[in-house]
Amino acid sequence: MACSGLHIPAKENSTIYVFDNIFADIGDEQSIQESLSTFSSHMSNIVEILNNSSSNSLILLDELGSGTDPIEGSSLAISILEKFHSSGCLTICTTHYHELKEYTLVTNGFENASCEFDIENLKPTFKLLIGIPGKSNAFAISKKLGLNQDIIDRAKSFISKSNTDIEELLKTIYDNKLSIEREKEIIKKSSNQIELLRKSLEKQNSSLKSKELDIIQNAKNKARQILLDAKSAANSAIKEISKLSNNMSNSSLKSLNHLRNNLNDSIKDTVQDASSFSNNAVGNLSTDDVIVNMDVYIPNLDQYGTIISLPNKSNQVQVQIGNAKMQLPLKTLIKCHIDKKSNDINLNQSLNSFKSKTIKSEINVIGYNVEEAVFTIDKYLDDCIIAKLNTVRIIHGKGTGTLKNGIHSFLKTHSHVKNFRLGTFGEGETGVSIVELK
């Protein structure tokens, strides 16, 4: 079948050997006319096989050495098998001789095998057992067929002690083999069930993670909207303060300043709350820290993801973000893990660290009008507080002084500002303000 290109009934990755010849000595060819006994007919076939076989031949022998004295027949069978083995032939031989079974157990190049037999139903199961010598079961079969127990017991008494021990050994091996096979089947079924359960749990876990990300993202979006609303309210308050600060009592000015500072603190709290969901950050990633399936936060995208590859030569890793996959540099990722018991280090701290590396210590608002400058500086000062900067520079230029005065009026009432003063910019021009933060 294999040589004809037909599919054969075998498992994948099985191998086929193509023999130059296949020889068989099977059946009984005794002949009164040719004066051939059973033994003589078998030996005639064996001689022909010995003369014509090669190292690439397959030889099939049925009950080798039978039809003559068992002692001489078994010895002759062993000698013939040794000759076939030394010639490199692949030989399969059936036998009932104990001598052959024992010889095979202790000789390299030979292997026992047997076919399983169901004694209860007197039927073969056609299961091949490699490494287990066969057992004739003559007594068990005879008893099953109705032979008198006295006859069976008397027959057992004629068997030598050594042969009995061998039979018991074979029976023990055979029974253990059957027990192991049954256990293997149970283990295989349990393993299959466990694998199905594992896949089901993985699917459920993936679904839960996806829902968790959606919940976190929705919460962030809501927090971001709160932030925008608070900013809008703060800007309105700032504008009113700017308009009324020159024509109002000190008590009213203090009340408005208090209102603006409260809004500013609320904005800061909102930023922190939006950045500290259920994950706790433990620092930026290095090459040695990276493992597959590690949870990370991507500040540039404001997203959470999972690393699904090790770093390449460019120190980039592949990150799974929802259903999308992206190649990102390690330096843009923050390591995260879920640990509700530990609140000492949170994601906000790592975001602060990231912010401190990216925020500049000065801002240029030349060309802005007062309202635009105040809005931009207000957000900048929030970021500076998060980044824990102590001193920053605001470049506003000299010009007519309108922008400088508007910024200074704003700085006087800002809750983050400790002190400020004019500095020099360019050729000694006082176009910059130095701001000390609380």
Take the residues in the stretch 142-165 that are of a type in the set (A, V, I, L, M) and either under 20 Å from Glu63 (Cα atoms) or at pLDDT 85 or above (or both); name whichever of them is most open to solvent (accessible area, probe 1.4 Å). Leu145
Would you call Lys398 open to solvent by 80 Å² or more (accessible area, probe 1.4 Å) and closer than 14 Å to Glu436 by Cα? no
Picked from the stretch 105-145 (must be in a loop (DSSP other than H, G, I, E, B) and of a type in the set (S, T, N, Q)), the residue farthest from Ala155 (Cα to Cα) is Asn108
Tell me the residue from Ser40, Ser87 that is modelled with pLDDT under 95 and over 20 Å from Asn112 (Cα atoms), please. Ser40
Quick check: is even one residue across the stretch 346-368 open to solvent by less than 20 Å² (accessible area, probe 1.4 Å) and either modelled with pLDDT of 85 or more or at positive phi (or both)? yes
Where the second residue is in a strand (DSSP E or B) and among the hydroxyl-bearing types (Ser, Thr, Tyr) and the first is over 22 Å from Ile215 (Cβ atoms) and at pLDDT 70 or above and lies in the stretch 282-305, which pairs have Cβ atoms under 9 Å and are six or more apart or on separate chains? Val292/Thr306
Subset tally (residues that are within 16 Å of Leu437 (Cβ to Cβ) and either in contact with a Pro (Cβ under 6 Å, 6 or more places away or on another chain) or outside any strand (DSSP E or B) (or both)) for the stretch 401-426: 9
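Listed here are the residues, each with its yes/no results for (1) under 19 Å from Ile132 (Cα atoms); (2) without any contact (Cβ under 8 Å) to a residue 40 or more places away in the chain; (3) in a helix (DSSP H, G or I).
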site	(1), (2), (3)
Asn45	no, yes, yes
Gly65	no, yes, no
Thr68	no, yes, no
Ile80	no, yes, yes
His96	yes, no, no
Glu102	yes, no, yes
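The values are calculated or read from the model by the stated rules, or taken from the named source; none is laboratory data. All figures in this text were calculated on a predicted structure; none of them were measured in a lab. Glycine also receives a Cβ, built like all others from the backbone with ideal geometry; neighbour counts cover every protein chain displayed. Remember, those area values only see protein heavy atoms, side chains included, never the ligands or the DNA or RNA. Shrake-Rupley method; radii C 1.70, N 1.55, O 1.52, S 1.80 Å.
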